[in-house]
Amino acid sequence: MRQLVFAAALLPLSLSAQFTLQTSNTTAGLRGIANVDGQIAWASGTGGTVLKTLDGGARWSACATPAGAEKLDFRGIQAFDAKTAIVMSSGKGDLSRVYKTTDGCATWQLAFTNPDAPDGFFDAMYFTRRDEGWLLGDPVKGSFYLASTTDAGATWTRSKSPDLNAPARNIGAFAASNQSFIISLSGPIFGGGAGYLYRGSWPGCSQSQSYNQPELCLDRLPFDRIHLPLQAEGDAAGIFALIATSQAIVAVGGDYTQPGNSTMTAAVSLDDGQTWHAAMTQPHGYRSTVAYDVTTKTWITTGPNGTDISTDNGIHWQPLLPNPARGDAPGADKDWNALSLPFVVGPKGRIARLRTDAFQSAR
C-alpha cells in the first residue's frame, strides 16, 4: 500500500482561475450533467428539465419534457452523442424512473419505473458504455437496490446479493450529483449515509454469462462494507460522490446541512478501495461532486461554499478562487451541485464551463 506522505508545504494557499458562467434559460435546480466531447453536453434537473448544447455551452436549449414527467426531478443523465441520452429521476416510489431519447430529445420513451413502488428511491445511474449500465437505489426491505442493464436500458436485472444489506434502517445513498455509484478496477463501488462504502468484486463470470444470464453474475457479486473517515453523524452526512482512476479513488461528502464544515469532507484510497485515509488537507466545506482532469492530472471538487483542487490524488486540497482580473464573476466558485468536466451545474439554472487554463498554475 502506498503511504500518504506528501508535503503540504509544497502547495500554494489558493489558486486563481475559475468557471465561466453560461446562460441556461431555466430556473430549474440542476443536478445532472453529462459532457460528451466538450461541445456536446446534456444537463437535467427539476420540473422534468433536460437541456442540451452542441457548441460547448454558448447556447443551451431546452428539450421536450417527457410525457408525465413535468413534476419529476431528473438527478442523473448519461449522454452518448447529440441524439442519444438516458435520464434518471429520483423520487419516492414510482417517481423514480428512467427515460431515453434517440432523436435528440424531441421525444422520450419511458424505459423503466421503480419496481418497488410505493417504496424505493433511485440515487444514481452509471453507464460504462451504451449498452451496459447500472442503477443504485435506497434500501428496500433492508437491502440496497442495485440493478444492471445490458440492452441500453430497455430491461434491468436486480441483484440479490446478500451483501447489499444496509447497516441501519435510516441509512441510504445520496442523489446529490449522480455520483454515489462508480465502477473501479475491481468492480462496482457505492457510498452513502454514515460514511459507509460498499466495494464489489467481479465474480468469475464469462462474457456470455454476463450477457445471457446477468442475474447469475449479479447475485454472485460480493461486497465488502467499509466505514470511511468522513462525517457520519446524522441523516445528512456521509459519502456524496466518488470517482476512480488507475491511481486512486476519491470520496467526498460531509454534512449538507453544514456546508461550511470542512472536517472530514474527503477521503482517498490508493489501493483500489481496499483501505482508505482521510485527506491530509481537506476541502474547505461539504462537497457534493468530484471530477478528474486527465490532461493536467488534477482533481476538482465543489459544493455550496466553494471549489477545491488536488494535484496529488486527493491527499491535499486547496481552494480554487475566482479571479476578477480574468473576468470571473464574484462567487463563481460557489453554489454548485454536479461536475462533468468541463461543465458544472447548480441551483436555479446555474451552469458554467471551466476555463482551459484553470489548473495551469497548480502544476
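What list do you get for I77, I183 if you sort them by fewest beta carbons within 10 Å?
Working: I77 27, I183 16.
Sorted ascending by nearby Cβ count, the order is I183, I77.
According to the calculation over all Cα-Cα pairs in the chain, the P(r) per 20 Å bin from zero is 32, 60, 8 %. Estimated from the Cβ-Cβ distance and a Förster radius of 51 angstrom, the FRET efficiency linking D224 and D81 is about 0.90. Remark: H284, H227, H277 ranked as H227, H277, H284, counting other beta-carbon atoms within 10 Å and listing the fewest first. Gain on full extension, evaluated as 0.36 nm per residue between R169 and Q360 minus their Cα-Cα distance, stands at 64.2 nm. Pairs with C-alpha atoms separated by more than 19 Å, drawn from the list K71/K348; K52/K100; K297/K334, are K297/K334. Rounded to the nearest 20 debye, the dipole magnitude of region 30-355 is 500 debye, with +1 charges on Lys and Arg beta carbons, -1 on Asp and Glu beta carbons, and the Cα centre as origin. How many angstrom separate the Cα center of region 225-280 from the Cα center of region 288-348? About 17 Å separates the Cα centre of region 225-280 from the one of region 288-348.
Between the amide H of N261 and those of Y286, distances stay under 5 Å, these residues lying 5 or more places away or on another chain, with hydrogens modeled in the peptide plane.
Phi-derived couplings, Karplus 6.51 cos²θ - 1.76 cosθ + 1.60 at θ = phi - 60°, listed residue by residue for region 79-87: 10, 10, 6, 6, 10, 10, 8, 10, 10 Hz, with x used for Gly and Pro.
Couplings 3J(HN,Hα) for region 243-256, derived from phi with the Karplus relation 6.51 cos²θ - 1.76 cosθ + 1.60 (θ = phi - 60°), are 8, 10, 10, 6, 9, 7, 10, 10, 10, 10, x, x, 10, 6 Hz, where x marks Gly and Pro.
Each Lys or Arg adds one and each Asp or Glu subtracts one; over the other residues with Cβ under 15 Å from the Cβ of W202, this totals -3.
Only the coordinates and a few stated rules stand behind these numbers; no lab work does. If you're wondering where the values come from, they're calculated on a predicted model, not measured in any experiment. Every residue, glycine among them, receives a Cβ derived from its backbone with ideal geometry; neighbour counts consider all protein chains shown.
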